[in-house]
Every structure is written in structure tokens, then in C-alpha cells.
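Here is the structure we will look at.
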Amino acid sequence: MANITVSIADGASKSFPQGTRVSDALGELVSGKKRKATLAVKVGERLLDLATPLHADTIMEPVAVDSAAGLDILRHSTAHIMALAVKELYGDEVQVAIGPAIEDGFYYDFDRSTPFTPEDFDRIEAKMAEIAAAALPLTRTEMRKDEAVQFFSSHNEQYKVELLEDMEADTVSLYSQGSFVDLCRGPHVPDTSWIKVFKLLRVAGSYWRGDENRQMLTRIYGTAFASNKDLQAYLHQLEEARKRDHRKLGKQLGLFTIQDQIGPGLILWQPRGALLRRLIEDYWKDEHYRHGYQLLYTPHIARQDLWKTSGHADFYSENMYAPMEIDEVLYQLKPMNCPFHIGVYQAEPHSYRDFPIRWCELGTVYRYERTGALHGLMRVRGFTQDDAHIFCRPDQLQEEIYNIISLNQHILKTFGFDQYDVYLSTRPEKYVGSDENWELATQALKLALDKMQLNYSIDPGEGVFYGPKIDIKIKDQLNRSWQCSTIQVDFNLPERFAMTYTGDDGADHQPIMIHRALMGSLERFIGVLIEHYAGAFPLWLAPEQARIMNITDDQAAYCEEVYRVLRSRGVRIEKDLRNEKLNYKIRAAQLMKVPYMLIIGEREKEDGTITVRKRDGENLPAMRPEEFAQLVLLESSSHLHNA
């Protein structure tokens, strides 16, 4: 038998017989803690099990259990162990569906007449621990598709059969541990003893294959880690996230409400939330004016033919609401603002001297989201995009993308976000436009990122149907990522709408269109802000900057006077003159995350001053109302200078 050369990336190399397993080669090439922590290897872009036989010269990169790829494998394997535990405990009353690894954990979907609840977790976890201790090997086998269909049919696993019937491959891979066999590509841990630290977290309903007309399944979520320390840190983060849940805080702080009689996914902004939103909108408009943008307003509906011309009717119809007939013409709610901005462009002729044209709009759009996907402010059916479209000449494209990224960084920093991940999303399978234009647009985005010296990752196939894009995912106080900003270069819509301008040569030319949103949507961005600050907004964003409160009724008149003075100076102030104890009023203000509490007793009344208490409990020296107004003005404006 011929020999092959197996090497460790940037490490040792040795000759082995063909068919040598990865684990045996690793045993010769890697030793000590590194070998013990390796649960798989990476060869090129492929991840391989340790049991995989090698038949050609190979360069391997060990995958440690606590690496990102290693945790993904560990969690996927834990999902399989959970499925085995459920089958051993509940037998034929349960059918298994799918169980992938996800960010920070895993899930498995089960079909059971009595849905699982968190009360079942202790029993399932105990069985999982038994399986882990048994060190059962996870073994990969290959089987012809028709044989696999017969196998799963004989075990009454209809969901696996359906998955198989939709596959085009003639041969499929299966993994087994103990009595459980699953349809899976892998890779997996060598045996169940690798699964030492895990926790089941919650249950949810899930329609089979995301189709609300199909069977409702029970989804059990869990997580797994390489060490108990990491698990405890993650559980602590989950607890912090629960405390910061924008839905809970939104209700507590009186920011927004969602009511069934209005409809799911439709936000009602309460006065405090509306004020918060106004503060964000005013800042956004002012910054865009400073950076050379002009503001637009456009309708909420348009003729269906507009969406046919734009391509949305063909490529985005599943996210659009059904047409409505008006004067025997079909109209549809807008899912995007871009065709309207093109309409403004086409209202008059343009010359090369007019460019760049920068138009922005806080435009409310409507998109159909499945009920199960709706989530507070984060996933809604009607939302306001902080939208903008730039029309420019080819020679201006690089500079415009650079300017957008710079403005984006400035605005994000103002709101307290200076950590983010950047992704360059390339052409998807379903797209319009020429390959040449796609390449030109992709390179324009790439060169802009390189010029900014930003670290970024390529996200293959995740561009929109009309062009590639840059996505920026901001990191909050808990280091969670949130998709907000996007920048997209579009040669398609200018072509579809026959947009032109007169060049310096007197001929017609087609402008380049850049789509751009910095916050993504106001609803989602405000939800992120609530969780980022745990509802304790910085002073410039706080809907209520100060609350004035009296010690006894004798100071009520003076409180009213101070209230009027501060309100006239622009301080966002409320008053609490109830006949309650001072500590009760302070506690109420703290629960509402009010930055400043202004306390007035008999001494303050006589001196014409106020006692200022910060929400963290710090007391400031007594001051006159005018001094406090100046303090608020200076602190509120500091966000502009520090960003």
C-alpha cells in the first residue's frame, strides 16, 4: 500500500500508509494538551472527524474543543445526545426532526403529542449525563439514499424520510451513537465522553420547516461548553440579558406597547417612547444635513407596476403584503423606499455637475414577517428605516462609500457603540444584473473597506438580489452582535428605471445608486439601545432627564415654579408632588431610570435652590435651577464632542 504525507499546518510532517485515520496521524504529529483538546481537524475548508481515513497527502489544522469551530462540533454532538436521551426516555411517542448547532448552543425539534416543558429538563439532562459517561462512539456511515429512506421508514421517522426525499444526492451520511441513528453530514466528537458541560435552557414551538401550515413541533434549546467556568459565565450573561430585555423594560419605562387588537408586529409608541424616538430622529436629521444630505418624504403605497419594474414583485413578493384595488388599479404597501427616491430623481433632468446627490428619509415600510418570528421591537411588520440613497458618477463611487462608512462610525459612536463586526456580502444564487457589474460593485465596497483599514469578513452569497453589500453588526454591553448598518451598491435599479444624466460629453449616462441605512430601522435600533443601556439612557437620550419632588406639601408651589423654569430652559422634566414619603418617590424615579432627582425641602425653598441626586445615588451640591439647566445642557451636548 502506498504511503501519503500528512502534515500539521506550520508544524510536523510524517509519512503514513494510505487509509490512516486522522486520530492516528494526530497521535504521531501532535502531543500533550494540544492533542487531548483536539476533537477534529480542518483540511482546507472541510472539517473532518478524528475517525476519517486519509487517502492523499494532507495538511491538517487541529481544531481545539474550545475554539469556535470546536464548540460548534461539540454543540452539534450534544444535540444528538439530547435526541438519544429523549428517545430512550419517551420511546415511540416521540419523532425527531432536526437538531443543528446554533450561535451559543443547539436545539432539537421533536414531534410529541404532549409538548415538552422545562419541567422535563432534569430528567432529560440526567439521561444525557448517563449517555456521556458511557463514552459511546459517534460513528459515521454512508448509505444509499433509497436504503436510508427504507431504514428511517421502518423506524417511523417521517421527518427524516421527508428530508431524504428532497435530497438530490445518491449517497447520504448517517451518524449513530448507541441506539440512535441520525441523518447528518457531521463532523462530530469521537465519543460521548467529550460532552461534559451542558445545560438545557428553554422550549419553544416551531413549525416543521418553518411552514405555519405544517406540524407544530417542540423545540428544546440548550448549550454546551468545554469548561464549567465558560458555562457559568454564559448563564450569567443570559441572566443579564433577561434583566435588559427591551420588552420588559419597554413596558416598565412606558416606551411602547403591542396590542392584539391592533395587530402583532405593529408598534404603538407611548409618550416617553415617542420622545426618545424624536430625539434620535432630530439628531439623525441634523447630522445628515451637516454631511450634505437632503431630506425626502414619500408615500406608504404605490401602484403594483412600480414593484414589478423594481423587481420586488419577482424577488421579494413573499415579504410583501397582498395588493389592494384602488380605482380599478392594484396598489401595494411599500417594503422599500428606493423606487420612490428614483421617482424624485426622474422628476427633472440631471447633469454630471449635479452629482453626488444624497437623499435621506425616515421612511416607514411594511414587510410580512411570520408570527413566530416577531420579537418586540427587533422583528416587526411595520418599521421606519433610516434610509438614504446616493446617486453618483463612477469616478465618485469610492469617495461616497468612504464618506458613508465615516458617517456611520461617527453616528454609532455617538450612541455608545464603538465595537462592531464588518461583513462584505457577495452575490447570492438568485440575482439580477450582469456579472461584470456585480464584480465592479463588489470591488468598490472592498476597496473602501481597505482604505478605511477596517477588518472584515467575507459573507459568501449573502448579498441582496440587486447587489453586494457591507453589513455592520454592532456589539452591545454584553458583547452581543446586532445587525444594523448596511451599504449596498446597485447598478440594477438605475438600469431597470432607465435613469440617466447628461455627461460632460453631452451624451446620456447611467448613474450609480448606493442604498444605505445606518441604524437599519428605528424600532430595532431603539430595542438595541434599551438593552445596551439597560434602560438607563445617557442624559442626552433620556426621555425624562430630571424629576422634581417635594418633601412636604409646603414646597409644592416652589416645585411648580422650578418646574416651569427648567422646562422653559429645555430640560425634559417631570414632577412628583404626591403626598408620599420621599424615599418612595426616589425609588419610583430610580425604577424609571431618571438621571437626576431634584429634591426640594423647606431649606431649598427658602434659599431658592434645589438638591440634586443622581440615579446612582450620588448627591451634588445644592444649586440654583439656572445652574442645573446649564449642567444638563453641557452634559447633553457632550455626546456630540466626544463621538
Seminar exercise, completed: Ranked on Cβ counts within 10 Å of their own Cβ, fewest leading, Met549, Met499 go Met499, Met549
Exercise. What span do the alpha-carbon atoms of the chain cover on each of the three principal axes, reported in whole Å from largest to smallest?
Worked result: 96, 75, 57
Problem set entry | Reach of Lys581 by Cα under 20 Å, taken over lysines that are not fewer than 8 positions away in the same chain | Lys593, Lys605, Lys614
Exercise. Points 7 angstrom from Cα along the Cβ direction at Arg569 and Asn228: gap in nanometres?
Worked result: 5.7
Seminar exercise, completed: Counted neighbours (other Cβ, 10 Å), sorted fewest up, put Ser23, Ser154, Ser485 in the order Ser154, Ser23, Ser485
For this session: Between the alpha-carbon centers of the stretch 448-462 and the stretch 411-436, tell me the distance in whole angstrom.
Result: 8
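Hey, could you get me the Stokes-Einstein D for the stretch 356-464, Kirkwood radius over alpha-carbon pairs, 37 °C and 0.692 mPa s, rounded to whole µm² s⁻¹?
D = 200 µm²/s.
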Exercise. What does a probe at Lys413 reach in the stretch 453-474, counting residues whose amide N is under 19 Å from the point 7 Å along Cα→Cβ?
Worked result: 453-456, 472-474
Problem set entry | Rg ratio (alpha-carbon, reference 2.2 N^0.38 Å) - the stretch 428-492 | 1.22
Exercise. In what sequence do Tyr366, Tyr90 fall when counting other Cβ within 10 Å, fewest first?
Worked result: Tyr90, Tyr366
Problem set entry | Convex hull volume of the stretch 1-141 per residue (C-alpha atoms, cubic angstrom) | 135
Exercise. Of Lys430/Lys473; Lys285/Lys575; Lys34/Lys127; Lys145/Lys196; Lys451/Lys475; Lys87/Lys196, which sit over 28 Å apart, Cα to Cα?
Worked result: Lys285/Lys575; Lys34/Lys127; Lys145/Lys196
For this session: Using Cα positions and a limit of under 20 Å, work out the aspartates and glutamates in reach of Lys14, with same-chain residues fewer than 8 apart set aside.
Result: Asp24, Glu28, Asp49, Asp57, Glu61
Exercise. Taking the alpha-carbon centroid of each part, what is the distance from the stretch 323-381 to the stretch 15-51 in angstrom?
Worked result: 53
Exercise. Using the alpha-carbon centroid of each, what span in Å lies between the stretch 580-614 and the stretch 473-547?
Worked result: 39
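If you build the convex hull over the alpha carbons only and average its shadow over all orientations, what do you get for the stretch 546-642? Give it in nm² to one decimal.
Taking the Cα atoms of the stretch 546-642, their convex hull projects to 6.0 nm² on average.
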For this session: Using only alpha carbon positions, build the gyration tensor of the stretch 253-389, then give the equivalent ellipsoid semi-axes as the square roots of 5 times its eigenvalues, largest first, whole angstrom.
Result: 28, 24, 11
Exercise. So what's the Cα pair-distance distribution over the stretch 76-235, bin width 5 Å, in %?
Worked result: 2, 9, 18, 22, 21, 16, 8, 3, 1, 0
For this session: May I have the pair-distance distribution P(r) for the stretch 3-64, computed from all Cα-Cα distances with 5 Å bins from 0 and rounded to whole percent?
Result: 4, 21, 36, 27, 10, 1
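All of the numbers you see were taken from the coordinates with simple rules; none came from a lab. All of these numbers come straight from a predicted model, not from anything done at the bench. A quick note on method: Cβ atoms are made from the backbone with ideal geometry, for glycine too, and the neighbour counts reach across all protein chains shown.
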